[in-house]
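Single-structure report; data block below.
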Amino acid sequence: MSDRGGSLSSSEAIAALTGLIDGFVGGAGWIPAVEVIAVEQVPLPARSLLAHQRHMTATLKAFHGCNLRLEVLAERCDGEFYRRMIALTTERDGGVAEFGVVRLRLSLVDPDVRHAVLDRSSPIGDVFETHRVLTRVEPRWLLRFPTGGPVLEYLRLPPGREAFGRLGVIHCNGQAAVELLEVVPG
């Protein structure tokens with residue numbers, strides 16, 4: 001992730017976002033209002049939650065001081081790819097800590113990891129940690145989401161609040177296995 005919010009153009013980020021959320025997050029009319037932004041444009045604490053190369057699950061657990069619950073809002077398995085739209089809620093008060101969408105290439109993970117992911121009981125980051133999958137998180141773009149858009153509804157934010165996210169890739173054992181969108185309240 002460069003200081004301009006990513007190493008590629010914003011049109012590439014929007015294309016990646018569009019492909020990832022296809023069929024999950026309402027109509028695509030809100031997508032052009034998403035902005036690719038620089039690290040400095042993300043306010044704290046959202047910046048500390050997004051601008052790093054660690055798994056979000058561990059980062060969010062540390063920030064909120066409690067475990068997180070996985071809510072699978074929608075899922076699809078299209079041959080080699082498993083996609084799901086999720087909310088991670090805090091165990092303490094049930095607030096939404098993260099909204100996300102992931103696309104996992106099933107052939108790039110071992111059968112036990114695949115089974116654990118499809119079981120839907122744990123976030124993918126926790127599954128990788130539990131099964132000791134060698135991973136590298138590669139954030140590519142930081143994003144600002146428009147107020148009033150569907151992403152903010154999934155975060156259960158009051159009107160006028162902003163949300164920020166990152167689009168990236170998780171490499172498993174050296175291969176790009178997961179594309180992901182991770183969004184937190186601003």
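The values are calculated or read from the model by the stated rules, or taken from the named source; none is laboratory data. Given the structure is predicted, the values throughout are model-derived calculations rather than measurements. Virtual Cβ from ideal backbone geometry, glycine too; neighbours counted across all protein chains shown. Keep in mind that these areas ignore ligands, DNA and RNA; they rest on the heavy atoms of the full protein, side chains included. Shrake-Rupley method; radii C 1.70, N 1.55, O 1.52, S 1.80 Å.
Ligands, DNA and RNA are left out, and with a 1.4 angstrom probe the accessible area of region 16-94 is 47 Å² per residue. On the beta carbon distance between HIS131 and GLU153, with R0 = 30 Å, the FRET formula returns roughly 0.35.
Among the trypsin sites (Lys or Arg not before Pro) found in region 108-158, those both in a DSSP coil and sparsely packed, with 11 or fewer other Cβ atoms within 10 Å of their Cβ, are ARG132. Here region 45-153 yields Rg over Rh of 0.95, to two decimals, using C-alpha coordinates and the Kirkwood radius. For region 161-177 versus region 67-126, the spacing of their alpha-carbon centroids is 13 Å.
Using only protein heavy atoms and a 1.4 Å probe, report how much of VAL36 is accessible, in Å² to the nearest 10. Counting only protein heavy atoms, the figure is 40 Å². Please work out whether region 24-94 counts as rounded, prolate or oblate from its C-alpha gyration tensor, where a ≥ b ≥ c are the square roots of the eigenvalues and a/c under 1.5 means rounded, while otherwise a/b larger than b/c means prolate and anything else oblate? It is oblate, given that a/c is not under 1.5 and a/b is not larger than b/c. Descending by average beta-carbon neighbour count within 10 Å, the peptides 157-168, 43-54 line up as 157-168, 43-54, the highest first.
Apolar share of the accessible surface for the chain: 49 percent from carbon plus sulfur atoms, 1.4 Å probe.
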